[in-house]
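See structure below.
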Amino acid sequence: MKTTKDLAEKHELLSELFKLPKTKEEWDQYRLSKDQLDHFEEYGYVSGIKLLDAEQIEVLRKELDELRDPKHPLHHLFYEFHSNQSTDPNTVLFHSLGHWRITEGFHDILWNPAFTMAAYQLLGERSVRFWHDQLFCKPARHGGVVAWHQDYSYWTRTVPMQHLTCWTGLDDATTANGCLQYIPGSHRWGLLRKPELAGNMDALLDMLTAEQKANFKPVAIELQAGHATFHHPLMVHGSYENTSSISRRAFVINVFADGTESDTDGEMLRGSTIGVKKGQQMKGKFFPLLFDNRSID
């Protein structure tokens, strides 16, 4: 699935990796249950949602291998590219943004109906618009940490806060290889100061109240490859080192409800020239509509 063009120009499926439902009944097979929605409301996350089959996982793994090459001919399309973002020289954390512009699989995953239906429901049945993507890779035995943080603390240049994060593993995610961990209920703590993303794992704890520290009880989100976890923009989460013999590769899709506006006249995505004037709605080439709530009427 190679291309020489910026795929951000295309706001539709480009490959045969996914198929869009044509009827309300076909969409309904992807709906989350009331129990799943209630869990998200109470705890700030919902996990174990299957987004990919074995063939789709393999396609994305191959594309990821290509994308990690700094000499990739479309490398300039990344918003950010960190071969190693870890502040610990003994560990490695690959992290990048913008790969949806480069390969068809990571482009088309944005329109995966299993993802877009869940996002639509978790955003209160509002139309879903793309914010940005991420890749995270922790190699076996020396994968680095992602420090405890809230996603929206890095996103305050967009308002109102009506965002959602989806994390999907391309390997089985376990406690040993550094799976995602949540602090259930922390989405009600309000906005905290942002720490360095790949720095001191516990830096955020210095920003918490005594009550918050007492309720700081991590839950490890172990997932089979191809399964996802969704979380609230204020959910405190992070992941520890990979000390296992198995890699931990994952991608993240960040979205917001249609109608979200820019709250800055500066660059919208770090490392890019993308800008949206303050007060204007987030839309256009780089922020496509992924799911219109009229699609299932």
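Between the amide H of residue 143 and those of 92, 242, distances stay under 5 Å, these residues lying 5 or more places away or on another chain, with hydrogens modeled in the peptide plane. Each residue of region 108-125 was assigned a 3J(HN,Hα) from its phi angle through the Karplus expression (A = 6.51, B = -1.76, C = 1.60, θ = phi - 60°), giving 6, 4, 5, 9, 4, x, 5, 7, 5, 5, 4, 4, 4, 5, 6, 8, x, 6 Hz with x at Gly and Pro. Solvent-accessible surface (1.4 Å probe) assigned to residue 205 amounts to roughly 50 Å². The trypsin sites (Lys or Arg not before Pro) of region 241-292 that meet both conditions, a loop assignment by DSSP and at most 14 other Cβ atoms within 10 Å of the site Cβ, are 270, 277, 278, 285. Measuring between their Cα centroids, region 1-79 and region 112-153 lie 11 Å from each other. Secondary-structure-derived ellipticity at 222 nm for the chain, considering helices only, amounts to -4500 deg cm²/dmol, per-run term -39500 (n - 2.57) for DSSP H runs with n ≥ 4.
Distances between placed amide hydrogens fall under 5 Å for residue 290 paired with 128, 129, 130, all partners being 5 or more residues away or on another chain.
Normalising by the residue count of the chain, find the relative contact order in percent from Cα pairs under 8 Å and 6+ residues apart.
Values: 676 pairs, mean separation 79.8, N = 297.
Across the chain, relative contact order equals 27 percent.
Distances between placed amide hydrogens fall under 5 Å for residue 158 paired with 263, all partners being 5 or more residues away or on another chain.
Here region 85-234 has 48 percent of its accessible surface on carbon and sulfur atoms, given a 1.4 Å probe and all protein chains in place. For every other residue with a beta carbon closer than 14 angstrom to the beta carbon of residue 97, add +1 if it is Lys or Arg and -1 if Asp or Glu, then tell me the sum. Around residue 97, the charge tally is -1.
Applying the Karplus relation 6.51 cos²θ - 1.76 cosθ + 1.60 with θ = phi - 60° to region 34-40 yields 3J(HN,Hα) values of 4, 4, 5, 5, 5, 4, 4 Hz, where x marks Gly and Pro.
Residue pairs exceeding 32 angstrom between C-alpha atoms, taken from 10/277; 22/217; 22/62; 24/194; 5/50; 10/50: 22/217; 24/194.
With Cα atoms as the point set, the chain shows a radius of gyration and Dmax of 18.1, 53 Å.
Rounded to the nearest 0.05, the FRET efficiency derived from the C-beta distance between residue 71 and residue 39 at R0 = 45 Å is 0.55. Across region 223-228, rounded Karplus estimates of 3J(HN,Hα) from the backbone phi angles (6.51 cos²θ - 1.76 cosθ + 1.60, θ = phi - 60°) give 9, 6, 3, x, 9, 10 Hz, Gly and Pro being marked x. Using the Cβ of residue 111 as centre and a radius below 12 Å, the other residues enclosed give a net charge of -2, where K and R count +1 and D and E count -1. The residues packed around residue 249, meaning those with a beta-carbon under 9 Å from its beta-carbon, carry a net charge of +2 if Lys and Arg are +1 and Asp and Glu are -1.
In region 214-269, a dipole from Cβ-located charges (positive for Lys and Arg, negative for Asp and Glu) runs towards its positive end, and of 239, 223, 264 it is 223 whose Cα lies farthest in that direction.
The values are calculated or read from the model by the stated rules, or taken from the named source; none is laboratory data. From a predicted model like this one, the values you see are computed outputs, not experimental measurements. All Cβ positions, glycine included, derive from the backbone under ideal geometry; neighbour counts span all protein chains shown. Note: areas computed on protein heavy atoms with side chains; ligands, DNA, RNA excluded. Shrake-Rupley method; radii C 1.70, N 1.55, O 1.52, S 1.80 Å.
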